[in-house]
Amino acid sequence: MTSKSLRRALGAGLAVSASMMLAVAVPSSAGPPVGGGVVDHVGRIADTAAGRAECGPGSSPETGLQGDIPAADRDSRRSTLGYNCNLTKVGGYSGRGGGITSAGFDHCVYVGSLFPGNIAGPAQGVQVLDVTDPANPILSETLTEPAMLAGTWETLKVNNPRKLLVGAGVPLLTGAGLLSVYDLSDCAHPRLLNPGPGTDPLQLLPITAHEGGFSPDGFTYWTSGVAPGLVNAVDLTDPSHPRVVWQGMPGLAMHGMGISDDGNRVYLSDNMGGLVVLDSSAVQRRDPNPQVPVLARMTWNDGWATQHSIPITYDGHHYLFTVDEAGSGGVKLIDVEDDTRPRIVNTVKLEINLPENLDSAIASSMGGGVFGYDAHYCSTDRPHNPTALACGWVTSGIRVFDIRDPFDVREIAYYNPPAQTGRNLELWNSPHAWASIAGIPLLAGPAVITALTEGKFDPAQALSARTGMVVGGDLSGDWCFSGPLWRGNQLWTSCADNTFLALDLDPAVYTPPADQRSTQGS
């Protein structure tokens, strides 16, 4: 069997395993589901894709299904040229990888760190990029507090009104105790505000972390751990002394979140595939011994590892865009006007996510590794009557949708960056490259480990010599996890292998509204 054939076979095993998990409706981890008719909604609307973008001059369109990097393109290295449609690269910062998610404020971007890779590279911790000139971003600072060195995963978030950056230490899936708070008055040179609790390893905060998010007023930072699903509310009234004001475990494995404008609702993602609505008003008021009851719990069976939610309104009516990280669940539009009975009312997917294209996804997904063609983090151009949604769609790259009518969504642009094939050993801060490096020697023989240590490692030879499942990938496509930041007609984002990218949206397909403001905390 050739190394390419082996990659295909192993990819099929991964994809089939994921599909088998999705074949069964997964119950929520605590209590019965709320919101009748959810399964009916999923069954009716989850089998269509958003309309394809019409690509203008200067585009280099995808060669197959919407969102796919075909196996032939991976094998021929066509994917190293990338794909774009109405979205072009202005500039970037290649660095050593883009971590998992990044954040931004004003003219600066904060590139997330990945443990242990980031501590082996030349720019340890969180990289601060000054993007005053998007064509030539520069590294202005690195943040090397323990939480930043330990890996920030999906905790690195910004609050605009208070000019705060927060990140928690997550060495692997779930971290504990470490949290750093920075003042962004000079965004290119963040200033640490809490040199004591949460930053000093001897003064750890009683929190777990994998994900995090601010209340819109910036006075509460919420964290969640994947396993166990402990959720924490950290008071930042005095950012130099963060303190935990509430903890609870609404489920066994909680993920990301979205928080209402008034701070009174937390829309918490359930890793099993679903949503938990928390009444956080007592925390928002700072009641003594606050209680945070569950108002609603809903599940679905066409996606799992639900990632986060974006609260938005259309003509005053409250909705969420809720993203599934795995299982081809795409992005769901959920009506939460009555947040005790949330309802799925639309779903945004790509052609490669549809059930009838499962064979195609299996045939090509191995090049992307464990993560395939799934949405991860999204942002809207404004929270009220948004006109566009931009998503990091992992191996499908950056996808942009017209959402002026949320019930008739169509794609208007995409940028899938050039695959960094062969650069595995250079990208120390890339979860994609790190997984491919770490996964191969774990199950390979001594010859592969020796080749790694001597700098003579050949991924193709290693793959053909192995008998176990590939944990990582061959970098024939990138992993774009981060939610793009809206800057007029530009999107600033990071991908695992390509690090930071500044992208221009064609004015023919998008005009920024006057009050554009990203809901991704930029």
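Per-residue 3J(HN,Hα) values for the range 222-233, derived from phi via the Karplus relation 6.51 cos²θ - 1.76 cosθ + 1.60 with θ = phi - 60°, read 9, 10, 9, x, 5, 8, x, x, 6, 10, 10, 10 Hz in sequence order (x marks Gly and Pro). A simple count of charges around Leu350, restricted to other residues whose Cβ falls under 11 Å of its Cβ and scoring Lys, Arg +1 and Asp, Glu -1, yields -2. For Gln66, the residues 5 or more places off, or on other chains, whose built amide H falls under 5 Å of its own are Glu351, Ile352.
Shown is the FRET efficiency for Asp405 and Thr237, computed with R0 = 56 Å from the Cβ-Cβ distance and rounded to the nearest 0.05: 0.85. Each residue of the range 129-143 was assigned a 3J(HN,Hα) from its phi angle through the Karplus curve 6.51 cos²θ - 1.76 cosθ + 1.60 (θ = phi - 60°); the sequence is 10, 8, 10, 3, 10, x, 6, 9, x, 10, 7, 9, 6, 10, 9 Hz, with glycine and proline shown as x. Take the Cβ atoms of Asp287 and Ser60, set R0 to 60 Å, and the FRET efficiency comes out at 0.60. Shown for the range 84-231 is the translational diffusion coefficient from the Stokes-Einstein equation, using the Kirkwood radius over Cα pairs, a temperature of 37 °C and a viscosity of 0.692 mPa s: 213 µm²/s.
Within the range 383-406, list the residues whose amide N lies under 18 Å from a label point set 7 Å along Cα→Cβ of Thr313. The answer is 383-388, 404-406, whose backbone nitrogens lie closer than 18 Å to the label point. Working ranking of peptides 405-414, 294-303 by packing, defined as the average number of other Cβ atoms within 10 Å per residue, highest first, is 294-303, 405-414. All Cα-Cα distances of the range 252-344, cut into 10 Å bins from zero to the largest, leave 18, 50, 26, 5, 0 percent in each bin in turn.
Neighbours of Ser396, meaning other residues whose beta-carbon lies under 12 angstrom from its beta-carbon, give a summed charge of -4 when Lys and Arg score +1 and Asp and Glu score -1. Ser436 sits among other residues whose Cβ lies under 11 Å from its own Cβ, and their net charge, with Lys and Arg +1 and Asp and Glu -1, is -1.
For Gly99, the residues 5 or more places off, or on other chains, whose built amide H falls under 5 Å of its own are Ser430.
Figure note: Met272, Met249, Met148 ranked by solvent-accessible area, largest first, 1.4 Å probe, ligands and nucleic acids not counted: Met249, Met272, Met148. Here Ser76 and Leu358 are evaluated by their C-beta separation; at R0 = 25 Å the FRET efficiency comes out at 0.60. 3J(HN,Hα) along the range 267-280, derived from phi through the Karplus expression 6.51 cos²θ - 1.76 cosθ + 1.60 where θ = phi - 60°, amounts to 9, 9, 7, 9, 4, 6, x, x, 9, 10, 9, 9, 8, 9 Hz, with x in place of Gly and Pro.
When the charge dipole of the range 246-318 is built from unit charges on Cβ atoms (+1 for Lys and Arg, -1 for Asp and Glu) and taken about the Cα centre, the candidate among Gly256, Met272, Asn289 whose Cα reaches farthest toward its positive end is Asn289. Residues whose amide H comes within less than 5 Å of that of Ile412, counting only those at least five positions distant or on another chain, are Val400, Phe401, Asp402 (H built at 1.01 Å from N in the peptide plane). Rolling a 1.4 Å probe over the protein heavy atoms of the range 59-104, with every protein chain left in place, gives an accessible area that is 50 percent carbon and sulfur. The Cα atoms of the range 301-388 cover 44, 26, 19 Å along the three principal axes, with the biggest extent listed first.
Peptide packing: for 264-270, 371-377, the average count of neighbouring Cβ atoms within 10 Å per residue gives the ranking 371-377, 264-270, highest mean first.
The values are calculated or read from the model by the stated rules, or taken from the named source; none is laboratory data. Computed from a predicted structure; not experimentally measured. Every residue, glycine as well, gets a Cβ built from its backbone with ideal geometry; the counts of neighbours run over all protein chains shown. These area figures cover heavy atoms from the full protein model, side chains too; ligands, DNA and RNA do not enter into them. Shrake-Rupley method; radii C 1.70, N 1.55, O 1.52, S 1.80 Å.
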